[in-house]
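Take a look at the structure set out below.
The values are calculated or read from the model by the stated rules, or taken from the named source; none is laboratory data. This structure is a prediction, so every number in the text was calculated from the model and none was measured. Cβ coordinates were reconstructed from backbone atoms using ideal geometry, including for glycine residues, and neighbour counts include every protein chain displayed.
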C-alpha cells in the first residue's frame, strides 16, 4: 500500500501548479477545444466550480496532514529510543541511589541527626513511593528487600492485591460494554490474562467503531442520494440499488475505466514503459478502491491532457463530483482522527487532549523529555546533598514537607472520589 501511495504521488507531481480551473493551463490541445484550465480563464467561475476548488484544496491539505500523522509513530519511537530511554535509565539509577540513602538514614541514622516520628514517617512514605516508581520499570530484589523492611505489607502481598483489583476492573469493564464471559483461567498467569483481555477488548472496540462508521456512512449516503435526486428532480434511488452506496459511483467507474484504458500495461511492447505503466496501474487501482476522486482527476489531467475535461463537466456532473469529494473529505477526517489516536502516547492524550498537528505532538514529547531530565538533575542534587552533613538536615526537612503535602493531596483525592462516586 505504501509503495502504491508513493507511485501515485509521483504520478501526480508536476512542476506547474495544478489547478482544474486555475490560471496555469497546459499547452492548447490539438483538437482546438478549450482545455480544463483555459475554460476557467475564459469564463467566470460558477458557485459549483468555486466549491469544487475549495473541496479539492481541503482534501489536498488533509492528505498532507494524514501523511504527516502516519509518520509520527516512527518519529516518536525514534525519539523514545534515542532521547527518552537514556533519561529514563538515568532517572531509575538516581532514584535507586536515593532509596538506598533513605534506607540507610532510617535504619542507622548518622550521629547527631534527630530522627523524630514525623521525620521517620515522612521519609518512609517517600522511600516507598520511590520504590513503586522504580519497580514500575521492572522488578529489583534489592528494592523488594528494602520495601519489606519498611512496609507493614510485604511486596508479594501488595502485588497479589493489585492483580486482583486489576482483574476485577477488567471484568467490570467487559460487563459495561456488553462483553461478558472474560475470566482468568486456572493455569493462566496474570500477565497472560491481561494480554488476552486487552486483545479481546481492542477487537470489540474496533468492531463497534466499524459499526458506528458504517451507520454514519449510511446516513451520509442517504442524505447525498436525496440531495442528488432533488437536484435531478427525480425520486431517490431505492434501497436495493447498488449505486445508492455513494453519490453516482458510475462517475468514478467511468473515470477509472477511461484511465485504465490509457494506462494499461498489456498494450505496451517496450519493457521499460510496460513496467512504468504496471506501477502506475497499481496506483490507479489504489485510488479507485479508496474512492479517491481527487487523485483520479489529477491522473486524468496528467495522462490525458489533450482531453477537454472542463468541457465535459456539466453542472449536474460537477455537482455530483462535489458530493463525491465531500464524502472523500469526511472519510479523510475519520482516518486522520484514528492516525492521531494511534500516534499520541496515552499519557500525553490524557494531559493535553486531542493533538491537532504532528509538530505539536513532537513539541510535547520534547517538553516531557526536558522535564524528565530536570527531574533527574533534581534527584541527583538531593542524593549529593544528603551525603553532606551540613546540608542533610535541610534536605530531610524538604523531603518531609513534600511527603506531607502529597499525603494531603492523596487524602483530598480520596474524599473527592467518594463524593463524586
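Select from the stretch 310-319 the residues that are modelled with pLDDT under 80 and surrounded by 13 or more Cβ atoms within 10 Å (Cβ to Cβ) and write down the one among them that is farthest from residue 66 (Cα to Cα). The residue in question is 311. Just to be sure, is residue 119 crowded, with 18+ Cβ neighbours inside 10 Å and touching a residue at least 40 places away in the same chain (Cβ under 8 Å)? So residue 119 passes the test. Hey, does the stretch 324-338 have a residue that's within 20 Å of residue 86 (Cα to Cα) and either buried (at least 16 other Cβ atoms within 10 Å of the Cβ) or within 14 Å of the chain's Cα centre (by Cα) (or both)? Checking the stretch 324-338: not a single residue is within 20 Å of residue 86 (Cα to Cα) and either buried (at least 16 other Cβ atoms within 10 Å of the Cβ) or within 14 Å of the chain's Cα centre (by Cα) (or both).
Within the span defined as the stretch 41-61, every residue fails to be assigned to a helix (DSSP H, G or I) and within 16 Å of the chain's Cα centre (by Cα).
For the structure I just gave you, tell me whether residue 167 is crowded, with 16+ Cβ neighbours inside 10 Å, within 22 Å of residue 132 (Cα to Cα) and either in contact with a strand residue (DSSP E or B) (Cβ under 6 Å, 6 or more places away or on another chain) or at pLDDT below 90 (or both). Spell out the reasoning first.
Values: crowded, with 16+ Cβ neighbours inside 10 Å: yes; within 22 Å of residue 132 (Cα to Cα): yes; either in contact with a strand residue (DSSP E or B) (Cβ under 6 Å, 6 or more places away or on another chain) or at pLDDT below 90 (or both): yes.
When the stated conditions are applied, residue 167 passes them.
Of all residues in the stretch 380-404, those satisfying the criterion of being at pLDDT 95 or above and farther than 22 Å from residue 111 by Cα are 380, 381.
Total residues in the stretch 267-302 satisfying the condition of being surrounded by fewer than 16 Cβ atoms within 10 Å (Cβ to Cβ) and free of Cβ contacts under 8 Å to residues at least 40 places away in the same chain: the figure is 11.
If you check 221, 203, which single one turns out to be at pLDDT 70 or above, more than 30 Å from residue 297 (Cα to Cα), within 29 Å of the chain's Cα centre (by Cα) and part of a helix (DSSP H, G or I)? Outline the logic, then answer.
Details: 221 fails: more than 30 Å from residue 297 (Cα to Cα).
None of the others qualify; the one that does is 203.
Taking residue 208, is it part of a helix (DSSP H, G or I), modelled with pLDDT of 75 or more and either within 31 Å of the chain's Cα centre (by Cα) or within 22 Å of residue 321 (Cα to Cα) (or both)? It is true that residue 208 is part of a helix (DSSP H, G or I), modelled with pLDDT of 75 or more and either within 31 Å of the chain's Cα centre (by Cα) or within 22 Å of residue 321 (Cα to Cα) (or both). Looking across 192, 197, 204, one residue alone is farther than 30 Å from residue 106 by Cβ, surrounded by 10 or more Cβ atoms within 10 Å (Cβ to Cβ) and in contact with a helix residue (DSSP H, G or I) (Cβ under 7 Å, 6 or more places away or on another chain). It is 197. Tell me whether the stretch 340-355 contains one or more residues that are crowded, with 18+ Cβ neighbours inside 10 Å and within 30 Å of residue 222 (Cβ to Cβ). Taking every residue of the stretch 340-355 in turn, at least one turns out to be crowded, with 18+ Cβ neighbours inside 10 Å and within 30 Å of residue 222 (Cβ to Cβ). From 158, 182, which residue is part of a helix (DSSP H, G or I) and either touching a helix residue (DSSP H, G or I) at 6+ places or on another chain (Cβ under 7 Å) or under 23 Å from residue 107 (Cα atoms) (or both)? It is 158.
Only one entry in 356, 326 is closer than 27 Å to residue 51 by Cα, at pLDDT 85 or above and either outside any helix (DSSP H, G or I) or in contact with a strand residue (DSSP E or B) (Cβ under 9 Å, 6 or more places away or on another chain) (or both), namely 356.
Considering each of 130, 65 in turn, give the residue that is within 30 Å of residue 204 (Cβ to Cβ), surrounded by 17 or more Cβ atoms within 10 Å (Cβ to Cβ) and modelled with pLDDT under 95. Walk me through it before giving the result.
Values: 130 fails: within 30 Å of residue 204 (Cβ to Cβ).
Being within 30 Å of residue 204 (Cβ to Cβ), surrounded by 17 or more Cβ atoms within 10 Å (Cβ to Cβ) and modelled with pLDDT under 95 holds for just one of 130, 65, which is 65.
Remark: residue 82 falls outside the filter, which requires a residue to be surrounded by fewer than 17 Cβ atoms within 10 Å (Cβ to Cβ), farther than 30 Å from residue 152 by Cβ and modelled with pLDDT under 90. If you check 105, 55, 91, 48 for being under 19 Å from residue 370 (Cα atoms) and either modelled with pLDDT of 90 or more or surrounded by 13 or more Cβ atoms within 10 Å (Cβ to Cβ) (or both), only one passes: 91.
Condition check ((1) out of contact with any helix residue (DSSP H, G or I) (no Cβ under 9 Å at 6 or more places or on another chain); (2) closer than 30 Å to residue 366 by Cα) across all residues:
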position	(1), (2)
102	no, no
118	no, no
126	no, yes
135	no, yes
142	no, no
148	no, no
168	yes, no
173	no, no
